[in-house]
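One structure is given here, and the rest of the page talks about it.
The values are calculated or read from the model by the stated rules, or taken from the named source; none is laboratory data. Please read these numbers as outputs of a predicted model, since none were measured by experiment. For neighbour counting, all protein chains shown are included, and Cβ atoms are generated from backbone atoms with ideal geometry for every residue, glycine included. The accessibility values were calculated without ligands, DNA or RNA, using every heavy atom of the protein model including side chains. Shrake-Rupley method; radii C 1.70, N 1.55, O 1.52, S 1.80 Å.
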Amino acid sequence: MSTKEAECRAIDKASQELIAKACDDCVELSWDRYEKQQPQCGFGLLGLCCRHCSMGPCNINPFGGEPQFGVCGASADTIAARHFGRMTAAGAAAHSDHGRGVAETFLATAKGEIKDYAIKDERKLYKFAMDFGIEIGDRDVKDIAVELGEKALACFGNQEGEIPTVKLAPLKRQELWRKQGIMPRGVDREIVEMMHRTHIGVDMEYKNIIKHASRTAIGDGWGGSMLATELQDILFGTPEPVASRVNLGVMEEENVNIIVHGHEPLLSEMIVAAAQDPKMLAYAEEKGAKGITLSGICCTANEILMRHGIPIAGDFLQQELAIASGVCEAMIVDIQCIMQSLPIVAECYHTRVLSTNERGKIEGAEHIEFHEDHALEIAKDIVKAAIENFPNRKGNACIPKDQMDLIGGFSHETINYLLGGTFRASYRPLNDNIINGRIRGIGGVVGCNNPRTSPLDSYHVRMVKELIKHDVIVLQTGCSAIACAKAGLMVPEAALKYAGPGLAEVCETVGIPPVLHMGSCVDNSRILMAAAAVVKEGGLGDDISDLPAAGAAPEWMSEKAISIGHYFVASGVYTVFSGSFPTLGAKKVTDYLFNGIEKDVGGKWAFENDPVEAAHMMIAHIDSKRKELGLDKGTERVLMDMADRRALD
Ligand code: BF8
Ligand code: SF4
């Protein structure tokens, strides 16, 4: 493969090198399979294909000709809205099933039934328990944790009332959700009802379907995902700023390279512990290695970066490349965003692909099932399996040199401390800097990679550079965070190099990058919490929809991204997607999602395929919110005097 061809697939040198190598090794990658899928089905792409019953599949003609209705009479808008609703349900289910697993393990840990996990952040335990209305007093930590675990677990199966965590949203937002009838009752209930409504012959009014999609998505963002993040922080520690490295170059030739890929820290936390065990290190030496290098792919990478500073090997489209390096002894996977091609790619090298979760087996992979009740023991078995594979490397190894420094670990709590100063943690300085115009607004840029938006990472990086250039501070999660970290946007020096003068000044004073890594995809709830905290701090309106803020997922691909996008919209955020959008063939439902829904929930969707143009749509939205808040005159550069600087220290 020529350098030019590799450059069309990825913007970073490490990926380009391994894409070319994989091609030389006759290994098929996602980009090759994407090409073989062309032309992709236009009906499916536009949301105009329904296969919900056996009278179909039915397609609707997007050009106005026949057919315009499915066999059951369903219109284009009903079909597209159903499709959108089911994507939301699947995304919410993925996040929330993860959250349920964490809640179960949390409860078992609190009860003392499992020994390998512990309550690490007692302060957060008390805070979250109080959010549930649990009495603290002089009660035992264990009692509080058990009650919290029970109440958290009940959020999933709750049938009536409201999920308690929605109370963390601003009051005005809660009232709006109640008024609109979209306050989620229980995480599972809304998902099940979404599946029911989209069965043949049930909900046939697109607005009513989207309304329930909102309820389902809120149950994800402010429910299932939020429970996952908060309980994980209590169990494994709330992230604090941490320095690390990113990209495929983090693997080391003389070491056993273990990559954890997927989503649940219940597994990866134990792998981190097992890989640091002196007995494991001695075993690695016995097998001829100098040590063990652990790194991550996808959201698992973000989880162990945030809490331990473990380096990140790559994002979603780099999972096959990590194996193509020929030095990955084991790729340990659990759930979500794992490609079925991994064992096929591994055939060309020596990598052992180890699935670990009973919900996610892969044909051709080895399976070592992980159970939380003897977690560390299984994690050690998995690490051993990797070490034993070290002597089996084939001759075709190559580690790209490229890697980049980054600072991660920005929980909404640390943003509070950093911007507020150690002695008076608060969001006041952030709010003040938004009000005085040094920071124009907040951008949340999140989501996946997708061969449709090749070259890899280019949409994320172009969008985020444009935002920070215009003084918009960017909060990131998921693969988008990994993409921008690789491009060098998550080091403090990036502020001077890429940010506008106002944002650069704030970043320089506080010592933070202009782009903040807030974690994995379930951690988008951290962005919601940060937004709620900014509202609560005052001076920027009384709801999330008043904030000069916007969201985006420029390389999105998963159903989880739709659920995330929709809970941002339903929380009052203007949200832009690129690449494709699942309802584009249906006029009325698209018009509703892109316009009409704003009147109902305060946020709306947009689609724009050019990431720079999309960034400017976000900036225009931010400016319109500044204007509504009377802050439009503050956007000129404000020079800081000593008093201002002291206020930031
Ligand atoms: O949940 S950003 S490709 S890894 S779906 Fe998947 Fe998308 Fe990456 Fe994490 Ni999120
Ligand atoms: Fe066709 Fe209606 Fe069946 Fe969908 S539900 S496949 S539109 S008949």
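Which residues, counting only those in region 13-51, are of a type in the set (Val, Ile, Thr) and either touching a strand residue (DSSP E or B) at 6+ places or on another chain (Cβ under 9 Å) or within 16 Å of ligand 1 (Cβ to nearest atom) (or both)? Walk me through it before giving the result.
Quick first cut of region 13-51, residues of a type in the set (Val, Ile, Thr) only: 19, 27.
The answer is Ile19, and nothing else.
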Check your understanding: (1) surrounded by fewer than 24 Cβ atoms within 10 Å (Cβ to Cβ); (2) over 26 Å from Pro400 (Cβ atoms): which one isn't true of Glu264, the others all being true?
Key -> (1)
Revision key, fill the gap. Apart from one, (1) out of contact with any Cys (no Cβ under 6 Å at 6 or more places or on another chain); (2) open to solvent by less than 10 Å² (accessible area, probe 1.4 Å); (3) part of a helix (DSSP H, G or I); (4) not hydroxyl-bearing (Ser, Thr, Tyr) all hold for Ala495; the odd one out is (1)
Review point. Identify, please: which residue in region 331-367 is open to solvent by 10 Å² or more (accessible area, probe 1.4 Å) and assigned to a strand (DSSP E or B) and is, among those, nearest to Ala14 (Cα to Cα)?
Key: Arg352
**Study point:** The listed residue being within 16 Å of ligand 1 (Cβ to nearest atom) and either under 27 Å from Cys521 (Cβ atoms) or out of contact with any helix residue (DSSP H, G or I) (no Cβ under 6 Å at 6 or more places or on another chain) (or both), out of Ser2, Ser96, Ser75, Ser54
**Key:** Ser96
Exercise for review: Considering only region 1-86, give the helices (runs of 4 or more DSSP H) lying wholly within it that have at least 3 residues that are open to solvent by 20 Å² or more (accessible area, probe 1.4 Å) and within 16 Å of ligand 2 (Cβ to nearest atom).
Suggested key: 42-46
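Within region 109-136, track down each residue that is part of a helix (DSSP H, G or I) and open to solvent by less than 20 Å² (accessible area, probe 1.4 Å). Spell out how you get there, then give the answer.
Of region 109-136, the ones part of a helix (DSSP H, G or I) are 109-110, 122-131.
Residues satisfying the conditions are Thr109, Ala110, Lys124, Leu125, Phe128, Ala129.
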**Study point:** Hits in region 541-562 - residues which are small (Gly, Ala, Ser) and within 11 Å of the chain's Cα centre (by Cα)
**Key:** Ala553, Ser558, Ala561
Point to revise | Restricting region 440-473 to residues that are touching a Cys at 6+ places or on another chain (Cβ under 7 Å) and part of a helix (DSSP H, G or I), the residue that is surrounded by the most Cβ atoms within 10 Å (Cβ to Cβ) | key: His460
Study note, to complete from the structure: Cβ pairs under 8 Å, 6+ apart or interchain, first in region 474-488 and at pLDDT 95 or above and in a loop (DSSP other than H, G, I, E, B), second open to solvent by less than 10 Å² (accessible area, probe 1.4 Å) and among the basic types (Lys, Arg), ordered by first then second residue, are Thr477/Arg526
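Among the residues of region 536-551, is there at least one that is within 16 Å of ligand 1 (Cβ to nearest atom) and more than 18 Å from Ile415 (Cα to Cα)?
Filtering region 536-551 down to residues within 16 Å of ligand 1 (Cβ to nearest atom) leaves 551.
From what's left, more than 18 Å from Ile415 (Cα to Cα): 551.
Checked against the condition, which is being within 16 Å of ligand 1 (Cβ to nearest atom) and more than 18 Å from Ile415 (Cα to Cα), region 536-551 yields at least one hit.
Residues are listed down the side, and each one gets a yes or a no for (1) part of a loop (DSSP other than H, G, I, E, B); (2) open to solvent by 10 Å² or more (accessible area, probe 1.4 Å); (3) within 14 Å of ligand 1 (Cβ to nearest atom):
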position	(1), (2), (3)
Ile258	no, no, no
Leu281	no, yes, no
Glu285	no, yes, no
Gly288	yes, yes, no
Cys299	no, no, yes
Ala313	no, no, yes
Leu321	no, no, no
Gly326	yes, no, no
Glu329	no, no, no
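Name the one entry in Met306, Met270 that is in a helix (DSSP H, G or I) and in contact with a helix residue (DSSP H, G or I) (Cβ under 8 Å, 6 or more places away or on another chain). Quick ask: steps written out before the conclusion?
Working: Met306 fails: in contact with a helix residue (DSSP H, G or I) (Cβ under 8 Å, 6 or more places away or on another chain).
Going through Met306, Met270 in turn, just one is in a helix (DSSP H, G or I) and in contact with a helix residue (DSSP H, G or I) (Cβ under 8 Å, 6 or more places away or on another chain): Met270.
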Check your understanding: Among the residues of region 507-514, is any within 20 Å of Ala614 (Cβ to Cβ) and either within 16 Å of ligand 1 (Cβ to nearest atom) or at pLDDT 95 or above (or both)?
Key -> yes
**Study point:** Residues (closer than 24 Å to Asn450 by Cβ, in contact (Cβ under 8 Å) with a residue 60 or more places away in the chain and in contact with a Leu (Cβ under 8 Å, 6 or more places away or on another chain)) located in region 579-608
**Key:** Ser580, Thr583, Leu584, Gly585, Ala586, Thr590
